[in-house]
Every structure is written in C-alpha cells, then in structure tokens.
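Beneath this line is the structure, given in structure tokens, with notes to follow.
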Amino acid sequence: MKALVWDGTEAKVETDVQVRDLRAGEVRVRIDAAGLCHSDVSVLNGTIMFPPPVVLGHEGAGEVIQVAPDVTNVAVGDHVVLSTLGNCGQCGSCDRGKPTFCRQSLGKLSRPFTSGQGEDTKKLFQFANLGVFCEETVVKATQAVKIPDEVPLTSASLIGCGVLTGVGAVFNRAKVSHGESVVVIGVGGIGLNAIQGAA
C-alpha cells in the first residue's frame, strides 16, 4: 500500500508498505480522511524529535475493516475517528479519568508497518501511535471511537487532535467554569476549538 514515510531527511510516498496482522485488542482501519497538523510538520523540521523511519499523520478517520476476536467496542463496517491515546483502561490513571497519563501507553512507540523486501525490509514507526498518512493502519481498539455514519469523515478526522486539544485546554488546563470569560489568542484549528469548548 501507499504511505507517507519520513526517513529522517525527507518525506516521500512509498508504495510497498505493509501493515502487520492484528494482535489481541487491535483493529484495522481503512483511512478515508486525514488532517495535516503542525505536529506532523514539526517532525519534518526537527522540532519534534521522532525516530525514523515513520509513517506520519495522527488525525484520521475511516472504516473498521478487521477486528481482533476480543474487540467489542467497534465492529467491521463502523465509521471511526482515531485517537492518539491507546490507554489500557485498567491502571490508576485510567480509573481516575486521566487516560492521557496511562502508564501502559505513555511514551510507548509502535512499529506495525514494514517496507521493502528480503534483506531490505525495514520496520516503520507509527507517528503518535496512529500513522494515518497511509491506506490502512492497525491501532488499539481503545483508539477507535465509533461515530454515526452520517458524520463526514473529512470533518471527523480533525477530532482526534485539533478538537480534543482545543477543548481539552479549556476544561483540563484552564479549568474554565460556567459564566467565566476567556480570551483565546490565535484562532487556528486549536484556537477555534478552544472557543467552541468555552462557549
């Protein structure tokens, strides 16, 4: 399949990328829409240090095309938006409603992709545990959130980063309460979602 791969010096479309078979608790998603976030650009310019080679992209939505036998939250054919967080749902942080601090997922990298043949085969990382600049990806089932079929996948793809970051800044960082006034400086994708979260 095709995927946008950054090799440490340049990003290029590779056409021989494979994605491994599912493991327990995972799903395979056909990527129908992906957003380009500044974080992806930051990998390319070195602001975010991420080990190459890596399939870029972390804002994605699509259709579930395969599920592991133990997966119950989504089914084949479901439309999903993808989250960068593959939390375990069982640790203390998850129990306290703080999945972004999950000790089972924090800082762990995944390499479900390969490219090349024979001795030239190399493993590729997923950026932000998603790697959505490709045709298909494998993620933890907890990263796939079912959405109604009528929600446009192009819009849904932005939820996993820009929407969650903007709204999360309002509720988790600034802790804005009902009736308070806020000022948002910069109204790009994240700023607009901060305004929506505060409204």
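The values are calculated or read from the model by the stated rules, or taken from the named source; none is laboratory data. The shown structure was predicted, so the numbers you read here are calculated from the model rather than taken from an experiment. No Cβ is skipped: glycine too gets one built from the backbone with ideal geometry, and neighbour counts run over all protein chains shown.
Pick from region 37-56 the residues that are in a loop (DSSP other than H, G, I, E, B) and in contact with a Leu (Cβ under 6 Å, 6 or more places away or on another chain): which of them is nearest to GLY189 (Cα to Cα)? Filtering region 37-56 for residues that are in a loop (DSSP other than H, G, I, E, B) and in contact with a Leu (Cβ under 6 Å, 6 or more places away or on another chain), the one nearest to GLY189 (Cα to Cα) comes out as LEU56. Identify, please: which residue in region 1-51 is basic (Lys, Arg) and touching a residue at least 40 places away in the same chain (Cβ under 8 Å) and is, among those, farthest from GLN104 (Cα to Cα)? Among those residues, the one meeting the criterion is LYS2.
Within the set GLY162, GLY166, GLY189, GLY107, the sole residue that is of a type outside the set (Lys, Arg), surrounded by 20 or more Cβ atoms within 10 Å (Cβ to Cβ) and at pLDDT below 90 turns out to be GLY162. Condition test on LEU56, is it modelled with pLDDT of 95 or more and under 24 Å from THR154 (Cβ atoms)? Judged against the criteria, LEU56 is a match.
Farther than 20 Å from ALA128 by Cβ, modelled with pLDDT of 95 or more and surrounded by 15 or more Cβ atoms within 10 Å (Cβ to Cβ): which single residue out of ASP21, ASP32, ASP78 fits that description? One residue alone meets the criteria, ASP78. Cβ-Cβ contacts under 9 Å between residues 6 or more apart (or on different chains), taken from a first residue in region 160-177 that is free of Cβ contacts under 8 Å to residues at least 60 places away in the same chain to a second residue that is of a type in the set (Ser, Thr, Tyr) and assigned to a helix (DSSP H, G or I), are listed as GLY168/THR100; ASN172/THR100. Of the candidates VAL132, VAL138, the single residue that is in a strand (DSSP E or B) and crowded, with 18+ Cβ neighbours inside 10 Å is VAL138. Between GLY107, GLY62, the distinction of being out of contact with any Asp or Glu (no Cβ under 6 Å at 6 or more places or on another chain) and in the same structural domain as VAL41 (by TED's automatic domain parsing) belongs to GLY107 only.
Being touching a strand residue (DSSP E or B) at 6+ places or on another chain (Cβ under 7 Å), of a type in the set (A, V, I, L, M), surrounded by fewer than 18 Cβ atoms within 10 Å (Cβ to Cβ) and touching a residue at least 60 places away in the same chain (Cβ under 8 Å): is that true of ILE147 here?
Yes.
Restricting attention to region 89-118, the residues that are within 13 Å of THR142 (Cβ to Cβ) and in contact (Cβ under 8 Å) with a residue 40 or more places away in the chain add up to 1.
Residues of region 113-123 that are of a type outside the set (Lys, Arg), over 17 Å from LEU22 (Cβ atoms) and not in a loop (DSSP other than H, G, I, E, B): SER115, GLY118, GLU119, ASP120.
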